[in-house]
Amino acid sequence: MLVGILILEGEPDRWLWVADSEGKYTVKSAYSVLQGEIPTDADFNYNNIWTTFATTSSNTFTWRALMDRIPCKLNLMRKNVINRIEEVTCPLCNEVEESTSHILFCCSKTWLVRACCYRWLGISTALPSEVMAHFSQHSGILSNKNQKQGLMTIWTAMAWSIWTCRNIVVFDGQGWDYERVFELAQLKSWNWIQAKSKEFTCSFYE
Ligand SMILES: [Zn+2]
């Protein structure tokens with residue numbers, strides 16, 4: 001089933017099997033799809049990833065998150081990069097294992113960043129915790145093409161900023177300051193949108 005075409009700079013052309021996080025087709029995963037165990041989300045529009053105003057590398061991060069391919073601790077354990085169960089704990093809240101959906105949407109520390117963002121945008125909505133459903137819900141909120149591109153750019157900036165600052169906590173030992181993460185996401189959104197959108201004219205401080 002062809003569900004989308006992804007253009008990645010520096011990567012050779014290849015097929016991706018969306019029912020597997022590595023993109024590899026296996027009889028087992030195909031059987032699971034037929035049994036309804038793995039949601040293929042045939043309606044998911046992958047083009048929405050690549051039509052934001054964000055940079056290619058940031059859009060690539062979104063694609064990797066949607067495919068559950070970012071090196072969060074749970075994924076590192078699956079690849080045997082880390083082996084002890086205590087090493088899988090979320091580095092921000094130290095409460096549960098760090099999965100992709102946890103660090104980006106469910107963690108009590110990163111939720112504060114998103115709460116600031118939704119307050120800023122004036123959005124009040126119940127949001128799914130699964131990555132693909134979360135992205136789809138945002139891409140379906142607006143029908144105006146430019147506004148939709150803007151919102152998905154902010155979604156990308158939010159995810160990128162959370163992951164970047166999470167890495168600073170993990171690798172540089174700095175503390176987590178949700179307000180600074182939110183400000184970084186705001187700044188990134190504004191930079192990306194004003195650089196690429198012809199209809200965007202307001203200053204960062206408006
Ligand atoms: Zn957490």
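Would you check which residues across the stretch 59-90 are in contact with a Phe, Trp or Tyr (Cβ under 7 Å, 6 or more places away or on another chain) and either hydroxyl-bearing (Ser, Thr, Tyr) or more than 16 Å from the ligand (Cβ to nearest atom) (or both) and list them?
Passing the criteria: Asn59, Phe61, Leu66.
Please go through (1) within 22 Å of Trp192 (Cβ to Cβ); (2) of a type in the set (D, E, K, R); (3) within 16 Å of the ligand (Cβ to nearest atom); (4) more than 13 Å from the chain's Cα centre (by Cα) for Arg114 and return the number of the only condition it doesn't satisfy.
For Arg114, the failing item is (4).
Here's the yes/no breakdown for (1) under 22 Å from Asn47 (Cα atoms); (2) of a type outside the set (Lys, Arg); (3) surrounded by 14 or more Cβ atoms within 10 Å (Cβ to Cβ):
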| residue | (1), (2), (3) |
| --- | --- |
| Ile154 | yes, yes, yes |
| Met158 | yes, yes, yes |
| Asp172 | no, yes, no |
| Gly175 | no, yes, no |
| Leu184 | no, yes, yes |
| Ile193 | yes, yes, yes |
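Are any residues in the stretch 44-100 in contact with a strand residue (DSSP E or B) (Cβ under 7 Å, 6 or more places away or on another chain), surrounded by 17 or more Cβ atoms within 10 Å (Cβ to Cβ) and polar (S, T, N, Q), and if so, which ones?
None - no residue of the stretch 44-100 is in contact with a strand residue (DSSP E or B) (Cβ under 7 Å, 6 or more places away or on another chain), surrounded by 17 or more Cβ atoms within 10 Å (Cβ to Cβ) and polar (S, T, N, Q), so the list stays empty.
Which residues, taken from the stretch 117-132, are within 30 Å of Ile82 (Cβ to Cβ) and either without any contact (Cβ under 8 Å) to a residue 40 or more places away in the chain or within 16 Å of the ligand (Cβ to nearest atom) (or both)?
Leu127, Pro128, Ser129, Glu130, Val131
For the stretch 73-108, enumerate the residues that are under 12 Å from the mean Cα position of the chain (by Cα) and under 18 Å from Gly173 (Cα atoms).
Of everything in the stretch 73-108, just one residue is under 12 Å from the mean Cα position of the chain (by Cα) and under 18 Å from Gly173 (Cα atoms), namely Ile103.
What are the residue pairs meeting all of these: first residue in the stretch 81-103, first residue without any contact (Cβ under 8 Å) to a residue 24 or more places away in the chain, second residue more than 11 Å from the ligand (Cβ to nearest atom), Cβ atoms under 6 Å, and 6 or more apart or on different chains?
Matching pairs, first to second residue: Ile82/Leu76; Val88/Leu74; Val88/Met77.
From the set of residues in the stretch 91-108 that are of a type in the set (A, V, I, L, M) and within 8 Å of the ligand (Cβ to nearest atom), which is farthest from Met77 (Cα to Cα)?
Here the answer is Leu92.
Each value in this text was obtained by applying a stated rule to the coordinates, not by laboratory testing. Keep in mind the model is a prediction, meaning the values are calculated, not measured. So basically every Cβ, Gly included, is an ideal-geometry build from the backbone, and we count neighbours across all protein chains shown.
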